[in-house]
1. Would you check if Ile53 is part of a helix (DSSP H, G or I) and either surrounded by 12 or more Cβ atoms within 10 Å (Cβ to Cβ) or on the phi > 0 side of the Ramachandran plot (or both)?
2. When the stretch 204-227 is examined, which residues are found to be among the hydroxyl-bearing types (Ser, Thr, Tyr) and outside any helix (DSSP H, G or I)?
3. State yes or no: is Asp316 surrounded by 15 or more Cβ atoms within 10 Å (Cβ to Cβ) and either at pLDDT 95 or above or not in a helix (DSSP H, G or I) (or both)?
4. Sort out which residues of the stretch 93-127 are under 18 Å from Asp60 (Cβ atoms), open to solvent by 10 Å² or more (accessible area, probe 1.4 Å) and not β-branched (Val, Ile, Thr), and write them in order of number.
5. State all residues of the stretch 397-420 that are in a helix (DSSP H, G or I), modelled with pLDDT of 90 or more, of a type outside the set (Gly, Ala, Ser) and in contact with a Lys or Arg (Cβ under 9 Å, 6 or more places away or on another chain); if no residue qualifies, say none.
6. List pairs: first in the stretch 497-516 and over 15 Å from Phe528 (Cα atoms), second among the aromatic types (Phe, Trp, Tyr), Cβ under 9 Å, 6+ apart or cross-chain?
7. So for the stretch 450-461 (the condition being aromatic (Phe, Trp, Tyr), at pLDDT 90 or above and open to solvent by less than 50 Å² (accessible area, probe 1.4 Å)), does at least one residue qualify?
8. What's the number of the condition Pro45 fails, among (1) under 36 Å from the mean Cα position of the chain (by Cα); (2) open to solvent by less than 70 Å² (accessible area, probe 1.4 Å)?
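The values are calculated or read from the model by the stated rules, or taken from the named source; none is laboratory data. It should be emphasised that the depicted structure is a prediction, and the values quoted were computed from it without experimental measurement. Note: ideal-geometry Cβ built from the backbone for every residue, glycine included; neighbour counts use all protein chains shown. Heads up: the accessible areas ignore ligands, DNA and RNA and are worked out on the full protein's heavy atoms, side chains in. Shrake-Rupley method; radii C 1.70, N 1.55, O 1.52, S 1.80 Å.
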Amino acid sequence: MSLLYQKHASRPLTLDNRVEPELYRDVFPYTHVSRIEFDDTFLVPRPADPMFITDTTFRDGQQARPPYTVKQIARIYDLLHKLGGKSGLIQASEFFMYSPKDRKAIEVCRSRGYRFPRVTGWIRANMDDLKIAHDMEFDEVGLLTSMSDYHIFLKLGKTREQAMNDYLKVVTKALEWGIVPRCHFEDVTRADIYGFCLPFARKLMELSHEASMPIKIRLCDTMGYGVPFPGAALPRSVQRIVRAFTDEAGVPGAWLEWHGHNDFHKVLVNGVTAWLYGCGGVNGTLMGFGERTGNAPLEALVIDYISLTGNDEAADPTVITEIAQYFEKELDYRIPDNYPFAGKDFNATSAGIHVDGLAKNEEIYNIFDTTKILNRSVPIIINDKAGRAGVAYWINQQFNLPPERQVSKKHPAVGQIHTRIMAAYEEGRNTSFSNKEIKNLVRRFMPELFDSEFDQMKRIAGELASNLVERLARDCQSTADSEALTAQLQHFVRDYSFIQYAYVTDVKGHSTAIAISDPGDQKGYKAFPIGFDYSNREWFLQPMRTGKLHITNVHQSQVTGQLIITVSTVITDANDEIIGVLGADIQLEEIIRRAESLEAEVPNSEEESPYSVKGGKRFLPFTKAFPFWNGYVPHKTKPFSGVRERALLF
C-alpha cells in the first residue's frame, strides 16, 4: 500500500499575464555570479516509481560535436539498446527529423525493431514541424515550449498568454493526429513556476484527460541553474520544481522528465535529485555530450540507478567500456583518462601498489569490481615501486595483448624499460610516469607492438576501398545483364582512378564484366578476357566461403607494376543468395594521395548509393551524390576487416 499524497494546488493556478518580464534580477544579476536563495521549505524525498532514463545523444548531443553519420547513429543506437534498452531502463531516444540524413537515421534505427529505446522526435512548437512528425508517423514527439520570460519576452517577443495559446494549438493538433506530445519546458529554472509553468501544465493535463492520451513534460534546466540543496527557493530548487508539477499541477511522475546542463557542475546530482523527489525520467547523453557544458552522462545515470535500486539486471555496465572504445576508435574522441567509468585511468591509483600484490589489495583502492562490472581491469601507475612485473603488467594491459602475446617481467625489453624508469628516480624524479611517457619507452624498446607508417597506410587504403566496394556490390544486386554491369563498373573506375581494375565473376569464378581505369593498360589485361577463370584465386575463394569482405595484403600488379591491394566481396540477390563476386585492384600510392579528400566522401553503408543503375544508366550523378555522404572518417589505427593474405593476381 502506498501513502496518499496531495494532488491539488495549494494556491490558484492562474496565468499571470504580465506586461513586463519577470527576470528575477535578485537571483540572476548577470553582471555577477547568479545567487542561490533559500526559503527554508524542506521536502521529504519521494522517489519516482518507476525511475527510467531517456536519451538525447542524437539531438542535444549532436549540438556539441560534428554530426554523426547514419552508420554511427545506428551503431550507437545498438549500443544504447545493449546497455539498458533490453530491460526498458533506457526508454527512449530522440532524433532530429529535418534533413535527409536525419530521416535516414530514423528509418535505420526503426528497422532494428527494438522495443526500447523507442525512437521519438524533436521539433519546434509549430504546425509545419508537427506535420513533418505526422508524415513520418511518429507516435511521440518533443515540442520546444519556452517557459522563462527571458525566452517569451526577449526572444519570441510575445506575452505569456500568446505563448501559451500558441503552444496549446500545436499540442491539440498533435493529440488530434494521435501523437503523444512531450512538452519541453525550456529554461524552467528561470521561469515563473506559479505564474506560468503550472497554469500551462494544468491546461495540458486537462487536454490529456479530454483526449485520453498522455501529455509528457520535460523539465529543462537549460542554463544549469538548478540546485539540489534542501531549503533552496524557486525557481532554482530541483525538488521544489518537481513536486510542484506532481503535487499541484497533477502531472504523473511517469510523465515527467528532467533535462539538465552542466554549467555549474550539478548536472548529474540534479538529475538524481529529480528522481528522488518524484520525476520518473532523467534525460542524458552518452559521455555527457551536449550543448555548451553538456548534459547528464547517461552511463553515470545507469550506475546511479543501479546504486539506488539494487537492480543489477536493469543494465549491462560492461557496454559502457564498449561505448568508450567506440567513441575513441571510431569517432576519434579523446576521453579524458580520469573520466569516471570510461577513462583509461579512472580506476588507477598512484599509491605505489606493487603489481605482485595487486590482486589481494585491489578492493582497497578500487570502487567496485571493475573487471566484472565494467570489463575494465585495474591499471597500474608506473613509479619507482612498480618493478619489472609492473612494467610487464602495464604493457599487457594497455595494449590489450592476448595471452599468447603477453610479455613477462623476464622479457629483455621490459628490463630495459625498467632500467630507464629507475634511472629517472635516481636522478631525483619524484612523480609517477604518465601513460604517454611509458608508451614512448615501449615504442623505443618494443617497436613491434606499434604499427609502422606503412601498416597505417595499408589500413587507411583498406578502409577507404572497402566502403566503396561494398557499396558497389550492393548496387550490382539489381543489375542483371553484363552490358549494364560493365557500364556500372566503368562509371566506378572513372570516378575513382586509383582503382586500376574492377571485375565481376559468377559463382563459378568466370568473369562477366570488367572495367580498366587507364586505357593504356588495355593491352596488359588482354590476357584476362570476359569468361576468364578466376576460381582458384584467393580473392574469389574467400568471399565465396565466408560471404564476407576480403582484403589481400599489399602485392605488386603484374600488369602495371604498382603496389596494390585487392578488395573483394560477394554479390547477393534479394534472398541473400550469392550470385557472384566483385573485385577491385586498388593502387596503394594513389589512394593514399586521395585519402584526405576521400575521408569526406566515403558513404555510409546504410545510405543510398550514387551508383544505382536503372536501364543500364547511372541515375544519380556522382557530383550530386555527395550530400548523402556524411563524412565518415576511418580511424587511422583500426585493424583490417576481413582476411589478409599475400597473393599475386596478375
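1. Against the criterion (part of a helix (DSSP H, G or I) and either surrounded by 12 or more Cβ atoms within 10 Å (Cβ to Cβ) or on the phi > 0 side of the Ramachandran plot (or both)), Ile53 does not qualify.
2. Passing the criteria: Ser212, Thr222, Tyr225.
3. Yes.
4. Phe96, Tyr98, Ser99, Lys101, Asp102, Arg118, Trp122, Arg124, Ala125
5. Val414, Gln416, Ile417, His418, Arg420
6. Qualifying pairs under 9 Å: Ile499/Phe492.
7. Within the stretch 450-461 (the criterion being aromatic (Phe, Trp, Tyr), at pLDDT 90 or above and open to solvent by less than 50 Å² (accessible area, probe 1.4 Å)), the answer is no, since none of the residues qualifies.
8. Failing condition for Pro45: (2).
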